[in-house]
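Just below is one structure, and these are the notes that go with it.
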Amino acid sequence: MNDSNLLAPSLRILSEHRCFGGVQRFNEHASIEIGLPMRFSIFLPPQAEHGKVPAVMYLAGLTCNEETFMVKAGAQRKAAELGIALIAPDTSPRGANVEGESESWDFGVGAGFYLDATEAPWSSHWRMESYLIDELLALIAATQPIDADRIGIFGHSMGGHGALTLALRHPGVFKSLSALAPICAPSRCPWGMKAFTGYLGSDREAWSSHDATGLMQALSSAKEKAPYPQGILIDQGLADKFLAEQLHPHLFESACADAAQPLELRRHEGYDHGYYFIQSFIEDHLAHHSRSLQP
């Protein structure tokens with residue numbers, strides 16, 4: 001792999017590892033949007049030695065960080081075969097020392113929910129949407145052999161929520177979309193209501209623009225064209241202990257049907273919420289993105 005990449009001055013390689021003919025890197029940089037150092041991981045397939053490659057950004061779930069997906073999902077072998085780069089950012093700011101940031105596993109550190117907080121004290125640093133869309137994508141395009149016009153997005157649980165909402169909120173940025181056990185209607189589940197109240201305040205109108213089901217319903221009401229005519233893929237385990245109370249994929253399924261948005265929602269007997277579930281279906285997701293990211 002070409003180590004002479006023109007890295008931004010603030011971008012630092014923490015470690016790198018040869019992997020399936022490519023390279024797995026863990027990076028840190030000074031984030032302007034967050035106002036703190038942020039970390040992300042990237043897997044570059046062997047094809048990146050010869051030119052720019054498409055990429056898929058993966059957003060992880062509650063309590064995870066930039067290492068979780070790369071270590072646990074087993075995605076690199078298939079990504080190397082398909083010639084797709086993998087990008088995994090951290091799930092929240094770290095080191096802000098905001099009072100209460102580590103009191104709950106489902107709010108604060110490790111639980112950024114991929115939005116820009118508007119409520120103090122979170123609004124100073126919890127700006128994950130602007131960080132990902134306005135800063136990290138630009139940084140990666142400028143410093144890595146990535147084709148910025150061929151980027152997809154997917155995620156798990158809280159990260160599935162993030163993937164669905166960011167893709168719908170920023171039309172054209174991501175060319176493909178999928179999710180694994182996503183929080184599909186955060187305005188109507190305990191995880192989402194807690195996060196939205198803390199980050200966005202009590203105005204439920206503000207919540208709707210960060211709710212995948214609400215966003216899809218708005219597209220239907222406006223009679224807008226389906227944003228992903230090639231389809232959205234979602235996998236959900238039926239032994240997932242969070243399914244009934246937190247995830248609500250049936251609500252997103254209904255909203256997609258009303259909006260004429262093609263959706264393949266696959267329900268799997270016996271599978272739970274963890275990374276054994278993700279490992280089982282990760283290759284299908286990478287193949288789904290590869291089909292849409294062809295030049």
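Rounded if a/c is under 1.5, else prolate if a/b beats b/c, else oblate: with a ≥ b ≥ c from the C-alpha gyration tensor eigenvalues square-rooted, which is region 156-248? Here region 156-248 falls in the oblate category. If the chain linking LYS225 and ARG291 were pulled fully straight, counting 0.36 nm for each residue of separation and taking away their Cα-Cα distance, it would gain 21.7 nm. Nearest 20 debye, what's the magnitude of the dipole of the chain about its Cα centre given +1 on Lys and Arg Cβ and -1 on Asp and Glu Cβ? The calculation lands at about 580 debye. What FRET efficiency comes out for the pair SER254/LYS72, r = Cβ-Cβ distance, R0 = 22 Å, nearest 0.05? For R0 = 22 Å, the calculated efficiency reads 0.10. Taking Cα centre as origin and charging only the Cβ of basic (Lys, Arg, +1) and acidic (Asp, Glu, -1) residues, the dipole magnitude of region 162-221 rounds to 120 debye. Put a dot 7 Å past the Cα of MET193, heading toward its Cβ, do the same for ALA141, and the two dots end up 4.0 nm apart. Taken over the alpha carbons of region 140-295 as equal point scatterers, the Debye sum produces base-10 log I(q)/I(0) values at 0.15, 0.19 Å⁻¹ of -0.79, -1.20. Label-to-label distance, SER280 versus ALA30, with points set 7 angstrom from Cα along the beta-carbon direction: 4.6 nm. Structural descriptor for the chain: relative contact order 17 percent, calculated from alpha carbon pairs under 8 angstrom and at least 6 residues apart. A 1.4 Å probe run over region 70-189, with the rest of the protein chains in place, finds 30 Å² accessible per residue. For region 221-287 versus region 31-49, the inter-centroid distance based on Cα atoms is 27 Å. Loop-located GluC sites (Glu not before Pro) across region 114-167 with a Cβ neighbour count of 16 or fewer within 10 Å are GLU119, with loop assigned by DSSP. For the chain, the fraction of 1.4 Å probe accessible surface lying on carbon and sulfur atoms is 50 percent. Calculated FRET efficiency, GLU245 and ALA206, Cβ-Cβ r, R0 30 Å, to nearest 0.05? Here the calculated transfer efficiency is 0.85.
The values are calculated or read from the model by the stated rules, or taken from the named source; none is laboratory data. Since this is a predicted model, take the numbers as computed values, not measurements. Positions of Cβ are backbone-derived with ideal geometry, glycine not excepted, and every protein chain shown enters the neighbour counts. Note: accessible area is taken over every heavy atom of the protein model, side chains too, but ligands, DNA and RNA are not part of it. Shrake-Rupley method; radii C 1.70, N 1.55, O 1.52, S 1.80 Å.
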